[in-house]
1. Highest mean first, how do 72-80, 11-19 rank when packing is the count of other Cβ atoms within 10 Å averaged over residues?
2. For the stretch 235-245, take each phi angle, set θ = phi - 60°, evaluate the Karplus expression 6.51 cos²θ - 1.76 cosθ + 1.60, and give the result in whole Hz per residue in order, putting x for glycine and proline.
3. Give me the extension gain from Gln247 to Ile57: residue separation times 0.36 nm, minus the current Cα-Cα distance, reported in nm with one decimal.
4. For the peptides 147-158, 102-113, 30-41, what is the packing order when you average, over each peptide's residues, the other Cβ atoms within 10 Å and list the highest mean first?
5. Count charges around Ser208 for me, please; just the other residues with Cβ under 13 Å from its Cβ, Lys/Arg as +1, Asp/Glu as -1.
6. By the scheme Lys and Arg +1, Asp and Glu -1, what is the net charge of all other residues having a beta-carbon under 15 Å from that of Ile146?
7. Label points 7 Å out from Cα along the Cβ direction at Val160 and Leu15: separation in nm?
8. So what are the ³J(HN,Hα) numbers for the stretch 145-160, from phi and the Karplus equation (6.51, -1.76, 1.60; θ = phi - 60°), rounded to whole Hz, Gly and Pro as x?
Amino acid sequence: MRVLRGFLRPGWVALAIVVVGFAVGCFWVLAPWQLGKNSRTDARNAQIRTALSESTIPITDLGSDPMTSRNDWREVSLQGRFLPDKQVVVRLRSVSDSPAFEVLTPFRTAQATYLINRGYVRPDVGTRLPVIAAAPTDPMTVRARIQSAEGTAPGRGPRVDSGVLQVYTIDPVAVSAAADVPLAPGYLQMSTGQVGSLGEIPVPQLDSGPYLSYGLQWLAFGVMAPLGLGYFVVAEVRQRRAAAAAQADPGAAHPARAMPRPGGRAAKQARASLTAASTGSARESRVSGTVGSGSGAVGIGDDSVRAKLANRYGD
């Protein structure tokens with residue numbers, strides 16, 4: 001309990017709150033956000049693949065409400081005529097990573113008036129709107145793919161620039177009010193290769209993108225954050241226990257020097273040193289005796305040697 005009470009300091013409490021908040025955000029906000037985008041992208045790709053594999057049908061075959069999201073990307077045919085005087089231009093668009101204007105022209109049929117995106121044109125100089133080819137006014141049949149409306153952000157409504165009605169998004173409600181023409185919900189993306197079509201707007205790439213990997217990364221971060229906190233807590237506990245043990249037994253921090261083992265290298269070196277020291281002392285003693293006794297000392301030494309030889313080998 002004493003160790004646990006040590007973690008109630010403000011620094012540790014703040015760190016725990018940050019880690020828990022980060023983990024909660026990873027599991028309940030960030031990971032679901034990316035995984036949700038991955039699910040929506042997969043659903044859109046599946047819908048596009050299905051629509052591309054189906055043949056063109058008259059828009060009247062889809063019932064009384066064909067412009068619903070479940071029919072997105074479905075190619076339909078419709079008969080009527082364009083209303084060029086109600087044309088609208090979408091500004092600040094990007095096609096193939098280059099700036100473009102998209103051209104919206106209402107198309108009136110016997111059932112309703114639909115907003116048709118005829119394609120794109122590139123800016124003339126800088127961001128200036130170029131001359132746009134007029135849509136045909138004769139009755140005709142067009143093929144187009146159903147698209148959901150984009151909506152309008154606050155403060156980004158229709159505006160008149162250089163005498164042309166321009167919008168930022170494809171919103172039939174806003175266009176209907178600005179151009180004074182009733183429009184069906186949603187819009188139609190005109191297929192290429194027809195009279196009145198402009199630059200082709202390609203179908204989106206059918207890949208899932210990085211959203212799944214991003215979602216898994218946020219889940220991994222949510223797991224790693226508490227584990228990292230636990231690692232630092234364990235390291236802190238060990239450090240405190242070691243410090244407490246050293247304080248309780250000061251000698252443990254500087255243990256006595258161990259004696260060398262009898263057969264070890266240190267013991268052999270010690271014996272060699274002692275032998276050399278004793279031999280040197282004996283030599284010094286003999287030299288001192290000889291010098292101090294003079295010639296008599298030398299004689300005594302010779303008699304002693306002769307006596308030892310006689311005792312060993314005889315006279």
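1. Packing proxy ranking, top to bottom: 72-80, 11-19.
2. 4, 5, 4, 4, 5, 5, 5, 5, 5, 5, 5
3. Full-extension gain reported as 59.6 nm.
4. 102-113, 30-41, 147-158
5. For residues surrounding Ser208, the net value is +2.
6. That sum, taken over residues with Cβ under 15 Å, equals -1.
7. Placing both labels 7 Å along Cα→Cβ, they lie 6.6 nm apart.
8. Values per residue, Gly and Pro as x: 9, 5, 9, 7, 5, 8, x, 10, 6, x, x, 10, x, x, 8, 9 Hz.
Values quoted throughout were computed directly from the atomic coordinates according to the rules given, and no laboratory measurement underlies them. Only a predicted model underlies this, so the values are computations on that prediction, with no experimental measurement involved. FYI the Cβ positions are ideal-geometry reconstructions off the backbone, even for glycines, and counts take in every protein chain you see.
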